[in-house]
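Structure first, commentary second.
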Amino acid sequence: MRFDVLTLFPELFEPHLALGVTRRAFETRQVDVRLWPLREYGEGAYRRIDDRPFGGGPGMVMLADPLQRALSAVRAERTDAVPLVHFSPTGRPLTQALVREFAAGPGAVLLCGRYEGIDQRFLDRHVDLELSLGDFVLSGGELPALALLDAVARLQPGVLNDAESHEQDSFSGDGLLDCPHYSRPEFWGEGDAATAVPAVLLSGHHAQIARWRRERSLQITAQRRPDLIIAARAAGRLSQADERYLAQLVI
């Protein structure tokens, strides 16, 4: 798959593409990332990319023509009809289900806005999907684009050492939040302040461990994201044992 990124700051992407476990996907081109510096398509000698908004108000607006030239260059280089994705607080929330769709697809063109926004005429004509990381505002679309690339890369075969790692993540499978995890030492801290690993995880009893993890997942999800419990119930992903546990849970 291939992602073409339209950005004013391509240098923000380079460290991410070369570091961490997901770099395997980028180095092998399982996830092929092409960076398109928008300044190269700017207006005039100063490569202007923005101007004042009609109607007044604060900030600057990214111009449609430079974006059109950049997008045309991308489309000329690739023949597959991938979507143009724009990152905006007004967009659809980026979810793990949507990440899985991207991870199984051919890629996309990612548009990273800056300043007060982008000329709406360009968005209306070309954007297929607007995505948001949540109910907050960032300085630009680069961080959401990186988040999408990272989430997609870790789902590619061979990127994570254990294929089950992402299958047990929050929002995967049954759509619940993940359970807590523990490692060595068995007791952490000194004296009365020491805390122990839950005994069931040391028991070697796989069925009991699986049930403990399931109940912790249910507990955390019910406390922090009850909407996910409702969705899992509606989709038939909760067992009778799950429902019995939830019925006695005090939140």
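Every number in this text was worked out from the coordinates using simple rules, so none of it is lab data. Being a predicted model, the structure only gives us computed values, none of them experimental. Glycine also receives a Cβ, built like all others from the backbone with ideal geometry; neighbour counts cover every protein chain displayed.
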Open item on the list: Per residue, how big is the convex hull of the range 87-225 when only Cα atoms are used? Give it in Å³.
Closed with: 167
Open item on the list: Looking at the chain as a GNM with Cα springs under 10 Å, which of PHE136, PHE122, PHE87 has the largest mean-square fluctuation?
Closed with: PHE136
TODO: Taking H placed 1.01 Å from N in the peptide plane, check which residues at least 5 places from GLU43 or on another chain put their amide H under 5 Å from its amide H.
DONE: ARG48, ILE49
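Mind checking the full-extension length gain between ALA194 and ALA207? Use 0.36 nm per residue of separation minus the Cα-Cα distance, one decimal, nm.
Details: separation 13, 0.36 × 13 = 4.68 nm, distance 2.76 nm.
Net length gain for the segment: 1.9 nm.
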TODO: Measure nothing fancy, just the Cα-based angle from helix 142-153's long axis to the longest principal axis of the chain, in degrees from 0 to 90, nearest 10.
DONE: 50
- [ ] Of the DSSP beta bridges with both residues in the chain, give the percent that are antiparallel, rounding to the nearest 5.
- [x] 20
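Looking at the calculated P(r) for the range 167-239, what percent of the C-alpha pair distances fall above 18 Å? Provide the component values of the computation, followed by the final result.
Numbers: 1260 of 2628 pairs.
In whole percent, the share of Cα-Cα pairs in the range 167-239 beyond 18 Å is 48.
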Task: Crossing angle, helix 206-224 versus the chain [Cα axis fit, 0-90 degrees, rounded to tens] - done: 50
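Quick one: putting +1 on the C-beta of Lys and Arg, -1 on the C-beta of Asp and Glu, what dipole do you get for the chain around its Cα centre, in Debye to the nearest 20? Please report the intermediate quantities before stating the final value.
Details: 28 positive and 34 negative charges, 63 e Å.
In total the dipole reaches around 300 debye.
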Task: the chain: angle of helix 64-77 to the longest principal axis, Cα-based, in degrees nearest 10 - done: 70
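Evaluate Rg over Rh across the range 204-251, taking Cα atoms for both radii and Kirkwood's formula for Rh. Please list the in-between numbers first.
Details: Rg = 10.9 Å, Rh = 11.1 Å.
Reported Rg/Rh, Kirkwood definition of Rh: 0.98.
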Open item on the list: Rounded to the nearest 20 debye, what is the charge dipole size of the range 53-132 about its Cα centre when +1 sits on each Lys and Arg Cβ and -1 on each Asp and Glu Cβ?
Closed with: 80
Open item on the list: Using Cβ contacts closer than 10 Å as the measure, can you line up CYS179, CYS112 from fewest to most?
Closed with: CYS179, CYS112
Open item on the list: Given Cα positions, please report Rg to Rh for the range 1-49, the hydrodynamic radius being the Kirkwood one.
Closed with: 1.11
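For an R0 of 51 angstrom, estimate the FRET efficiency from the Cβ-Cβ distance between ARG184 and LEU98 and round to the nearest 0.05. Spell out each step's value before the answer.
Working: r = 36 Å, r/R0 = 0.71.
Efficiency for this residue pair is about 0.90.
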- [ ] Send over the per residue convex hull volume for the chain, Cα only, as a whole number of Å³.
- [x] 202
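Note the direction-averaged projected area, equal to a quarter of the hull surface, for the Cα convex hull of the range 116-159, in nm². Can you show the working numbers first?
On the way: hull surface 16.8 nm².
Mean projected area for the range 116-159: 4.2 nm², to one decimal.
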Open item on the list: Give me log10 I(q)/I(0) at q = 0.20, 0.21 Å⁻¹ for the range 30-138, Debye formula, one equal scatterer per alpha-carbon, no solvent.
Closed with: -1.20, -1.29
Task: Sequence-distant residues sharing a close amide H with VAL5 (under 5 Å, placed H) - done: ARG34, LEU35, TRP36, LEU110
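For n ≥ 4 DSSP H runs only, could you compute -39500 (n - 2.57) per run for the chain, divide by its residues and tell me the 222 nm figure to the nearest 500? Intermediate results must be reported in sequence, preceding the final value.
Numbers: 10 runs with 92 residues, N = 251.
Theoretical 222 nm ellipticity from helices: -10500 deg cm²/dmol.
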